[in-house]
Amino acid sequence: MVRAAIVFTSTLLALIAAGCGSSGSSSSSTSSANQPAASATTGSGTTSGSSVVPLSAEVKSAATGDIPDTQVYLTYTNPSAGYSMSYPEGWTRKGSGNDVTFSDKNNIIHVVITKAGPATTASVAAELNQLKQSTPSLTFTAPTNVNLKSGAAVKATYSTRSAPNPVTGKSVLLIVDRYVTSSRGKRAILDLGTPKGVDNVDAYRMISHSFRWT
């Protein structure tokens, strides 16, 4: 009887241990299955253009007037970002790498390079709508497909209004042509801004067509 009791107890303990082991294995498998795959969150490796802050004029700066026909242009080469383009001699350059600005008071050229595939008219419109949430004065025209000398691009024109001057109450309306072009997994967002009433159309057209991937 004693031997039988010992055998029964040993068998019962073995069955309990086996049951616990089976439960632990099932729990581990369920936990693993519920975890998101890495590719679901990190597979694209892209940076949205919507992070690019829209251009805005400085109310304290006077408009410089049209870029003259006699303007001399220099070539800016950016090896780290992988592009080159023309810009007006004498303009101030700020930034480096993937975010560079050239300006002469309220005439502004801003270039941002991100890791992303080709843009579409819908994606550019969505990005501008997102920017409008943080810049309520922003309005824009429907983006269109255009061709630059560097290749296909999407163009949209948007405007922003500066905060009013605390003394005069006047504000500056900045008109910006945005070009978005892509190559080999990189996207260039080129903003060319000028105050309303200033005609830089020809100069900015030349600058946009001077953009080259390197």
So the strands (runs of 3 or more DSSP E) completely within region 78-160 holding 3 or more residues that are of a type in the set (V, I, T) and closer than 14 Å to V52 by Cβ are 107-115
Go through region 169-199 and count every residue that is in a loop (DSSP other than H, G, I, E, B) and either without any contact (Cβ under 8 Å) to a residue 60 or more places away in the chain or surrounded by fewer than 21 Cβ atoms within 10 Å (Cβ to Cβ) (or both).
9
Out of S80, S134, report the one residue that is within 22 Å of P195 (Cα to Cα), exposed (fewer than 15 other Cβ atoms within 10 Å of the Cβ) and within 18 Å of the chain's Cα centre (by Cα).
S134
Give the residue, chosen from A163, A156, that is exposed (fewer than 13 other Cβ atoms within 10 Å of the Cβ), in the same structural domain as F102 (by TED's automatic domain parsing) and either at pLDDT below 95 or touching a Lys or Arg at 6+ places or on another chain (Cβ under 7 Å) (or both).
A163
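The values are calculated or read from the model by the stated rules, or taken from the named source; none is laboratory data. Please read all numbers here as calculations on a predicted model, not as lab measurements. Neighbour counts run over all protein chains shown; Cβ positions are idealised from the backbone, glycine included.
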